[in-house]
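Just below is one structure, and these are the notes that go with it.
The values are calculated or read from the model by the stated rules, or taken from the named source; none is laboratory data. Quick caveat: nothing in here was measured; it's all calculated off a predicted structure. Cβ: placed from backbone, ideal geometry, glycine included. Neighbour counts: every protein chain shown. In case anyone asks, the SASA skips ligands and DNA or RNA and just uses the protein heavy atoms, side chains included. Shrake-Rupley method; radii C 1.70, N 1.55, O 1.52, S 1.80 Å.
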Amino acid sequence: MGKKTVLVVSAHGADYCTRAGGAIAAYVKAGYDVHIVCLTMGCRGESGGYWAQKPDGTEEDCEELRIKESTAAAAYLGATIEFWRLKDYPLTLESEHYRRLTRLVLDLRPEVVLTHWINDPTNQDHALAANAIVRACDSAAQLGAFPNTPAHYFPNIYCFESTVPYSEFNEFNPDFYLDITDVYETKMNAIKKFECQPFLGNFYAHFAVHRGFQAKAWCKKPIQYAE
């Protein structure tokens, strides 16, 4: 029997790292294969560092730089990654994209799927990505999803941190915390790969501490950082 797998679906180039980098590193450390799907690179709405330095730059050049950054971050976490190179702000998905996600779920049969919170009015790209993989998992659970495919399959789905600092506004109320204390530095070093978004480290250092404080209060264990 092969290694257990985790599938991570990210709307933009850095989302998987900032919100679930600790979980990814922890799963890799535990012996899982982790595979990331980046639907877009966030060139239009999440690459301010690039456009500030290159106001005459191109979306194509920005995308290549973002892919380089994201590839480096995923490798640092120990995960594999694929880029769909769709456009962001707005992200638009067609039936072929839902089918492609369904096929991926059936091929990988991940034990866990990590993705965005499904209700995110402050960033609808995130919500669309989350709902897409939920729909794909629902399709993968149906007999006949694809001809000549082994038994249907439905994984465990977990939603990571909503758009910060608006988590509560987006009605994100975590009911599961993951202790990332042992892999916190790995996550933060991976985030540093995203030079187009130099502010990310400060945002997510704060939330790692905040969620760690909540987790510690709930379980009465010495948890410093959590997702």
request  = Using packing as a proxy for protection, rank 76-83, 8-15, 91-98, 201-208 so that the peptide with the highest average count of other Cβ atoms within 10 Å comes first.
outcome  = 8-15, 76-83, 201-208, 91-98
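When ligands, DNA and RNA are left out and all protein chains stay put, how many square angstrom of accessible area per residue does the chain have with a 1.4 Å probe?
On a per-residue basis, 50 Å².
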³J(HN,Hα), Karplus 6.51/-1.76/1.60, whole Hz, each residue of the stretch 53-60, x for Gly, Pro = 7, 10, x, 9, x, 10, 4, 5
key: Overall dimensions of the chain by Cα: Rg and Dmax, Å   = 17.2, 53
inquiry  = Given Cβ point charges of +1 (Lys, Arg) and -1 (Asp, Glu) and nothing else, what value in debye, to the nearest 20, does the dipole of the stretch 57-145 about its Cα centre take?
reply    = 380
message = How large is log10 of I(q)/I(0) for the stretch 120-200 at q = 0.12, 0.16, 0.21 Å⁻¹ when the intensity is taken from the Debye formula with one equal scatterer per alpha-carbon?
response = -0.57, -0.88, -1.10
Ordering of 141-153, 60-72 by packing [mean C-beta count within 10 Å, highest first] = 60-72, 141-153
inquiry  = List residues of the stretch 109-132, by number, whose backbone nitrogen lies under 16 Å from a label position 7 Å along Cα→C-beta of Asn173.
reply    = 118-120
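Given only helices, namely DSSP H runs of n ≥ 4 each adding -39500 (n - 2.57), what is the per-residue ellipticity at 222 nm of the chain, to the nearest 500 deg cm²/dmol?
-14000 deg cm²/dmol
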message = Using 5 Å bins from zero, what percent of all Cα-Cα pairs in the stretch 15-90 falls into each bin?
response = 3, 16, 26, 21, 16, 10, 6, 2, 1
note = Karplus-derived 3J(HN,Hα) from phi for the stretch 145-152 (6.51 cos²θ - 1.76 cosθ + 1.60, θ = phi - 60°), whole Hz, x at Gly and Pro, runs 4, 9, x, 6, 9, x, 2, 4
ask   = For the chain, what number of Lys pairs, 8 or more residues apart or on separate chains, have alpha-carbon atoms under 16 Å from each other?
value = 5
ask   = Nearest 0.05, what FRET efficiency do Phe146 and Lys221 give at R0 = 41 Å with Cβ-Cβ as r?
value = 0.40
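Round to a whole number: what % of the accessible area of the chain belongs to carbon and sulfur, probe 1.4 Å?
Using a 1.4 Å probe with all protein chains present, the chain comes out at 54 percent carbon and sulfur.
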